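Laboratory data are not the source of any read-out in this text; all were calculated from the coordinates shown. Worth saying up front: this structure is predicted, and the values here are computed from it rather than measured. Here the Cβ positions follow ideal geometry from the backbone for every residue, glycine too, while neighbour counts run over all protein chains shown.
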Amino acid sequence: FFLMNKLISNISKIGWRFDNTYARLPEIMLSRIAPLPVKDPKLVIFNHNLSKELGLDFSVVEDNLLPSIFAGSLLPQESECIAQAYAGHQFGYFTMLGDGRAIIIGEHLTKNNKRVDIQFKGSGKTPYSRNADGRAALGPMLREYIISEAMHGLGISTTRSLAVVTTGENVIRETPLPGAILTRVAASHIRVGTFQYVTMQDDIKTLKTLFNYTINRHYPELKDSNNQALSLLKIVMEKQIKLVTDWMRVGFIHGVMNTDNMTVSGETIDYGPCAFMDNYNPETVFSSIDQHGRYAYFNQPGITKWNLARFAETLLPLINNDKDKAIDIASKTINSFGTLYKKCWLEMMRKKLGLLGEDSKDENLIIDLLSWMHQNKADYTNTFCFLMNENIQENKIYNNQGFISWKQQWQERLKLHNNSPEKSLKLMCSVNPMVIARNHKVEEVLKEANNGNLNPFNDFLKVLEKPYEKQTKTNNYQFPAQSSEKKYQTFCGT
Ligand code: AMP
Ligand code: MG
């Protein structure tokens, strides 16, 4: 008994400051359910940097308690466990969903009063599990850990990963695999699909409650706006445009841009079938189930717009009492997507090429380079590194006449607007990563990690923390896959 008390009092010293506002929302929005106990949890990886950022200190508890903490068996006293209800368009088809294998244990306030959800993913069945097991396997959870942290390193808005534990139980996939739980940290888990779910209840009161909650939590600056719902639509659109432009910048393919995987906070969420593109091909798809390329690289902005239109539909009753008027207003906003995205994308691509100011021929210059890369199967990341004079490998491909004449035009353009080699290089270095989480490298370190050797995983993670800087080991991760390794496939629901 004494030990138990001591243990709990020490847990209280970790620094959790819970304030569980989502759990106060109408019952229809959630289910109260705790993580299911697991047989024999073991800590696989823990994110010291993130823990510090959150104002937490796990060194106050004995190391042998950490696995139980991150398996959800030893919960902080103030925790209130919930699974959230939501819906979503999956590959265009509407479905009722919810956290089928994830449980939010509470909202933590950091020292700066930033609010984050602490969620265990893979922690057992919930009322939303449908026919699935509520569990997750080690490989995919480590994959989410490394790719989400890589995205953070790239400066791209994302959910984070605090820890991974194994459960000591197998999960049944095609073969039995070690079960695992990931601790995910997110600004919130409110999705476009959360609004869709509430809209399906046909209950304007609950919709207003969720709406006000979202404004309070994410965009309190909109409270004074005279059409808050329209303002919310516009700001979420802005965030999502910024996000998808960032994905395009680094060649990230999300892979499952269903409306339940799009947050209103603008964070990247759901690292299931995602992957980075190596050779530039706008049609690149990695996901095994994306037969028609709905979520292909070049389709991502269009899908963002489509998802935002679904979001707009949920907000109509709050935009205007007159439905036709509301549709008219919302449509105008959604229709401005193309212009706004193009502006954002052009700005981003100019930076990638180190161009200052604007020139009417910029767009052609950019498209010519992308077409050249596509035709010549040039590596997207390494081509920009080459332009920054980073010679990663023998680059015969860049002796190609097409490339040389493009480069001449680029160099002429570089001279405009008071630019200098120093200025353009600095700009390029700030947006062109030296290293990305290349698929074959991710697979390599995951294979080792699955066999109990975390060293390669940790080495890679360290380089991915600072992808714009050259580090001693950076070069180990810059080579694209051999063509024999090329047929890369990713999966959902792993
Ligand atoms: P996704 O397409 O990966 O975003 O997943 C869609 C839905 O499936 C979400 O509601 C998940 O919670 C649920 N889901 C995925 N895998 C599992 C699983 N192993 N057990 C229960 N639910 C799951
Ligand atoms: Mg999802």
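About the Cα centre, and with charges only on the beta carbon of Lys, Arg (+1) and Asp, Glu (-1), how big is the dipole of region 350-488? Nearest 20 debye, please.
Roughly 60 debye, rounded to the nearest 20.
What percentages make up the Cα-Cα pair-distance distribution of region 176-324 when the bins are 5 Å wide from 0?
That works out to 2, 9, 17, 20, 17, 13, 11, 7, 3, 1, 0, 0, in percent per bin.
Amide H of Asn170 versus every other amide H placed in the peptide plane: which residues, excluding those fewer than 5 positions away on the same chain, fall under 5 Å?
Long-range HN contacts for Asn170: Gly179.
For region 372-494, what is the convex hull (Cα atoms) projected area averaged across all directions, in square nanometres?
So the Cα hull casts an average projection of 9.9 nm².
Specify the inter-centroid distance of region 176-204 and region 354-395, based on alpha-carbon positions, in whole Å.
Their Cα centres are 38 Å away from one another.
Looking at the P(r) of region 307-370, how many percent of alpha-carbon pairs lie beyond 14 Å?
Result: 65 percent of Cα pairs exceed 14 Å.
Rounded to the nearest whole Å³, what is the per residue volume of the convex hull around the Cα atoms of region 1-151?
So the per-residue Cα hull volume is 146 Å³.
Give a residue-ordered list of calculated ³J(HN,Hα) values for region 466-474 (Karplus: 6.51 cos²θ - 1.76 cosθ + 1.60, θ = phi - 60°; whole Hz; x for Gly, Pro).
10, x, 8, 10, 7, 10, 3, 9, 3
May I ask you to give the average projected area over all directions of the convex hull of the Cα atoms of region 120-195, in nm² rounded to one decimal?
Quarter of the Cα hull surface area: 6.0 nm².
Find the centroid of the Cα atoms in region 229-250 and in region 77-116, then give the distance between the two in whole Å.
So the separation of the two Cα centres works out to 21 Å.
If a/c stays under 1.5 just call it rounded; otherwise compare a/b with b/c (prolate if a/b is bigger, oblate if not). Do that for region 139-262, with a ≥ b ≥ c from the square roots of the Cα gyration tensor eigenvalues.
Judged from the Cα gyration tensor, region 139-262 comes out prolate (a/c at least 1.5, a/b above b/c).
For the chain, what does the relative contact order come out to in percent, with C-alpha contacts under 8 Å and a separation of six or more?
Taking the mean separation of contacting Cα pairs over the length of the chain, I get 14 percent.
Output needed: percent of Cα pairs per 10 Å distance bin for region 292-339, bins running from 0 to the one holding the longest distance.
Reading upward from the zero bin: 27, 43, 23, 7.
Beyond 16 Å, what percent of the Cα pairs of region 400-449 remain?
Distances greater than 16 Å cover 63 percent of the Cα pairs.
Run through region 157-245 and list the GluC sites (Glu not before Pro) located in a DSSP loop whose Cβ has at most 11 other Cβ atoms within 10 Å.
Those satisfying the criteria are Glu174.
Taking only the alpha-carbon positions of the chain and ignoring solvent, what does the Debye formula give for the base-10 log of I(q)/I(0) at q = 0.09, 0.11 Å⁻¹?
-0.66, -0.98
Dividing the Cα radius of gyration by the Kirkwood radius, what Rg/Rh value follows for region 261-349?
Over the Cα atoms of region 261-349, Rg/Rh equals 1.04.
I need to check one value: relative contact order of region 342-494, counting alpha carbon pairs closer than 8 Å and at least 6 residues apart, in percent.
27 percent
Using only the Cα atoms of region 170-221, what semi-axes does the equivalent ellipsoid have when each is the square root of 5 times a gyration tensor eigenvalue? Give whole Å, largest first.
34, 17, 7
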